[in-house]
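In what follows, a structure is listed as structure tokens, so that the remarks can point back to it.
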Amino acid sequence: FEPGTRNGVPVDTIMQLDVEFKLPPPKIDSKDGSEVLKVGRGVSPPTVISRVEPSYSDEARDAKYQGTVVVRATVHKDGTLTVDKVVRELGFGLDQKAIEALEMWKFKPATRNGEPVAVDLNIEVNFNLK
């Protein structure tokens with residue numbers, strides 16, 4: 001912003017600024033066309049039934065690299081998971097290892113009013129050398 005001026009000298013000013021906010025359209029589940037919800041407000045979270053631990057990439061093991069990959073994922077009504085995007089990358093092949101493992105996980109789906117629903121959530125995958 002340019003400062004307000006009086007006689008060429010900057011002065012304090014008060015102004016009104018209108019900002020228009022638009023909510024994004026709801027996310028639609030690619031598997032069944034239903035709306036993908038967020039956990040909370042009557043939506044219970046999904047529960048892991050079976051999980052596959054990610055393997056370390058040779059590149060990360062050789063570099064003794066550790067850290068956390070964060071992904072945004074959809075847990076579908078059928079209890080399967082799809083990774084939508086990597087939110088925080090680690091590199092060294094660990095991002096792909098995290099995705100491969102997560103997409104093999106099985107869930108008891110999230111519910112709303114006792115019915116299964118698809119939900120959008122972030123998942124952290126930790127890589128620690130032992």
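Here's how it looks for V117: its modeled amide H is under 5 Å from those of A110, T111, R112, which are all 5 or more places away or on a different chain. Potential lengthening of the chain between V39 and I14 amounts to 4.9 nm, from the contour at 0.36 nm per residue minus the alpha-carbon distance. For the chain, the Kirkwood radius over C-alpha pairs fed into Stokes-Einstein at 10 °C and 1.306 mPa s yields D = 89 µm² per second. Residues whose amide H lies under 5 Å from that of G79, counting only those 5 or more places away or on a different chain, are absent; hydrogens are built 1.01 Å from N in the peptide plane. Residue order by solvent-accessible surface for Y56, Y65 is Y65, Y56, largest first, with ligands and nucleic acids left out and a 1.4 Å probe. Farthest towards the positive end of the charge dipole of region 34-83, among the residues G79, V39, A60, is the Cα of V39, using unit charges on the Cβ of Lys, Arg, Asp and Glu. Here the simple spin-label model places points 7 Å from the Cα toward Cβ, and for N7 and R88 these points are separated by 5.6 nm.
Projected label points at I49 and D78, each 7 Å from Cα along the beta carbon direction, are separated by 1.2 nanometres.
Sequentially through region 76-87, phi angles give Karplus couplings (6.51, -1.76, 1.60; θ = phi - 60°) of 7, 4, 8, x, 8, 10, 10, 7, 8, 6, 8, 7 Hz, Gly and Pro residues having no value and appearing as x. A simple spin-label model places the labels of R61 and K27 3.3 nm from each other, with each point 7 Å out along Cα-to-Cβ.
The values are calculated or read from the model by the stated rules, or taken from the named source; none is laboratory data. Being a predicted model, the structure only gives us computed values, none of them experimental. Cβ coordinates were reconstructed from backbone atoms using ideal geometry, including for glycine residues, and neighbour counts include every protein chain displayed. Only protein heavy atoms, including side chains, enter the accessible area calculation; ligands, DNA and RNA are left aside. Shrake-Rupley method; radii C 1.70, N 1.55, O 1.52, S 1.80 Å.
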